[in-house]
Structures are given as C-alpha cells and as structure tokens.
Amino acid sequence: MTNQHVTPDGQGGWKVQGAGNSRATHHFDTQSQAIDRAREIAQNQNSELFIHGRNGQIRERNTYGKDPFPPRG
C-alpha cells in the first residue's frame, strides 16, 4: 500500500509518484491526466492520493479503501 502523489515534474508537466519512490511512475502533460491515473492506482492499492499544486503544497487529499479515522455521524 503506497500512497500516490501528483506533483509538478519541473518541465511543465505532471508526474505520479509513489511515496518513498525515487522515480516517477508516470508522466503526463496535464494535471487532470495525472490525477486520473493516480486515482486508479490508489483505488487498486486501497491507499491515499495526494494532489499537489504548482507550488508543491498539498491542495487535496483522498483516501481509498478503509479509512482508519472515519468521521462520526
């Protein structure tokens, strides 16, 4: 279970990279394409997806699978 990160690739595109990996899994021209692929991977692995903005800060976070801290209703 590796959390997936969508981050700028430094060349005008976007990359999908598993947490702790030194290399990107995929490169895309648009952030939308990268998010779609990262979401697929995170859903398959029941992990989390972190979407970073151009400034590198996390702007969105999604959990797929069993959430260890579900909100109380």
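A few remarks follow.
- Test result for ASN55, over 13 Å from the mean Cα position of the chain (by Cα) and either at negative phi or part of a loop (DSSP other than H, G, I, E, B) (or both): yes
Okay, residues lined up against (1) part of a loop (DSSP other than H, G, I, E, B); (2) surrounded by 10 or more Cβ atoms within 10 Å (Cβ to Cβ); (3) touching a helix residue (DSSP H, G or I) at 6+ places or on another chain (Cβ under 7 Å):
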| residue | (1), (2), (3) |
| --- | --- |
| THR2 | yes, yes, yes |
| SER32 | no, yes, no |
| ILE35 | no, yes, no |
| LYS66 | yes, no, no |
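- If the condition is being in contact (Cβ under 8 Å) with a residue 40 or more places away in the chain and aliphatic (A, V, I, L, M), then the range 2-36 contributes only VAL6.
A quick yes/no check of all residues on (1) modelled with pLDDT under 95; (2) in contact with a His (Cβ under 7 Å, 6 or more places away or on another chain):
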| position | (1), (2) |
| --- | --- |
| ASP9 | no, yes |
| SER22 | yes, no |
| PHE28 | no, no |
| ILE35 | no, no |
| ARG59 | no, yes |
| TYR64 | yes, no |
| PHE69 | yes, no |
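The values are calculated or read from the model by the stated rules, or taken from the named source; none is laboratory data. Predicted model, so just to flag it, every value in this text is computed and none were measured. FYI the Cβ positions are ideal-geometry reconstructions off the backbone, even for glycines, and counts take in every protein chain you see.
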